[in-house]
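The values are calculated or read from the model by the stated rules, or taken from the named source; none is laboratory data. Nothing here was measured: the structure is a model prediction, and the numbers come from that model. Here the Cβ positions follow ideal geometry from the backbone for every residue, glycine too, while neighbour counts run over all protein chains shown.
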Amino acid sequence: MNPLPKVSIVIPTYGQQDCVSHAISSALAQSYPNLEVIVVDDASPDQTAEKVAAYRDPRLRYIRNTQNLGRVKNYRRALYELATGEWVVNLDGDDFYIDVDFISKAVELAYSEPGIVIVSARRNVVTATGTREPLLLDTTILSGKEALLRYHDQRYHFSHLATLYHRPSALACDFYRMDVISSDWESLLRLALTGKVAYLDRVVGCWNLHGGNASLINCWRDMVNNLGIWESIYQTATAVEIPPKALGRARNATLLPIAYRDLSLIFKGGAVLDAFRYLHHGFPILKTTVVLRILVHPYVWVKSGINIFRRIVQRIAC
């Protein structure tokens, strides 16, 4: 092992002139000595370039795409064409780190045992109303198979900004191949199945949850497309011979809360029929058990009734 393998902190950004400086400063503040920070500007129409130009740190590189690639293609370009580190972490331009020792501790843990391909820490969620702190795990190391089987538990979720991954292994896994909202989960979970996952018991950064997040979905069709990551993940899991019964239980336990979350967003928009379109088109992935558990739950019917009643009242009022 190189005692100080290079780490690439990649900062993809688009139209984030008001917050990208915070992301850059938090990355450059990391205590780890062998670091590169790469800002990959996806042809922003604002003053992002000027914000980056204010820095004079030799560890910082700025690359501007000649045309807008879109979020996932920009991730992929950064990984496959620009990053040179042995390890990579992705910090979106509107997020930031709060733990200056994150990279140092993550690299130390990555080499504590052979076969580790991911080191996953935790992050806060920052909203307009305050900060939500995550549940923490003790520092532990699991096989990628066990990590997937436990993924229904949010403590085992991967957060893009807080997940350091082994670049050569990621390149071999065809990272960021699905242009959907949760492309990072699809890539990281497939990578996990090739080795081991180390969990670091630290809150290392903040994810800004706001209306401009690309990771927020409001259309049922996009939600169904995003469910496709699980088909890809579980196909990979089958190939590495996870016992079918254990995988089936884990699949149901993981997809049920995801489906409830999607439906709550659909109902929030008042589109009752879209909820049933989501279940119909998502059925091949959600499978019978998950859909039936949703349909027999009072939540769906109460929400449907409330939204129908509201529409009737609105029509009468008009």
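Within the range 215-260, track down each residue that is among the polar types (S, T, N, Q) and in contact with a Leu (Cβ under 6 Å, 6 or more places away or on another chain).
Looking only at the range 215-260, we keep the residues that are among the polar types (S, T, N, Q), and these are 215, 218, 225-226, 232, 235-236, 238, 252, 254.
Correct list: T236 only.
Counting only residues that are surrounded by 14 or more Cβ atoms within 10 Å (Cβ to Cβ) and in contact with a Leu (Cβ under 9 Å, 6 or more places away or on another chain), how many does the range 98-131 have?
17
Counting only residues that are free of Cβ contacts under 8 Å to residues at least 40 places away in the same chain and hydroxyl-bearing (S, T, Y), which one in the range 246-280 is nearest to R150 (Cα to Cα)?
Checking each candidate, the answer is Y260.
Report whether or not P134 is of a type outside the set (A, V, I, L, M, F, W, C), touching a residue at least 40 places away in the same chain (Cβ under 8 Å), within 25 Å of V10 (Cβ to Cβ) and exposed (fewer than 15 other Cβ atoms within 10 Å of the Cβ).
On the way: of a type outside the set (A, V, I, L, M, F, W, C): yes; touching a residue at least 40 places away in the same chain (Cβ under 8 Å): yes; within 25 Å of V10 (Cβ to Cβ): yes; exposed (fewer than 15 other Cβ atoms within 10 Å of the Cβ): no.
So P134 does not fit the description; no.
Working only within the range 49-66, note down all residues that are within 22 Å of Y80 (Cβ to Cβ) and either crowded, with 16+ Cβ neighbours inside 10 Å or touching a Leu at 6+ places or on another chain (Cβ under 9 Å) (or both). Can you show your working first?
If we filter the range 49-66 for residues that are within 22 Å of Y80 (Cβ to Cβ), which is where we start, we get 52, 59-66.
Matches in the range 49-66: V52, R59, L60, R61, Y62, I63, N65.
For A246, all conditions in the list (1) crowded, with 17+ Cβ neighbours inside 10 Å; (2) assigned to a helix (DSSP H, G or I); (3) among the hydrophobic types (A, V, I, L, M, F, W, C) hold save one; what is the number of the exception?
(1)
Quick check: is even one residue across the range 177-190 at pLDDT 95 or above, hydroxyl-bearing (S, T, Y) and in contact with a strand residue (DSSP E or B) (Cβ under 7 Å, 6 or more places away or on another chain)?
no
If you check every pair at least six apart or on different chains, which have Cβ atoms under 6 Å apart with a residue in the range 198-227 that is at pLDDT below 90 first and a residue that is among the hydroxyl-bearing types (S, T, Y) second?
Between residues of the range 198-227 that are at pLDDT below 90 and residues that are among the hydroxyl-bearing types (S, T, Y), the close pairs are L209/T127.
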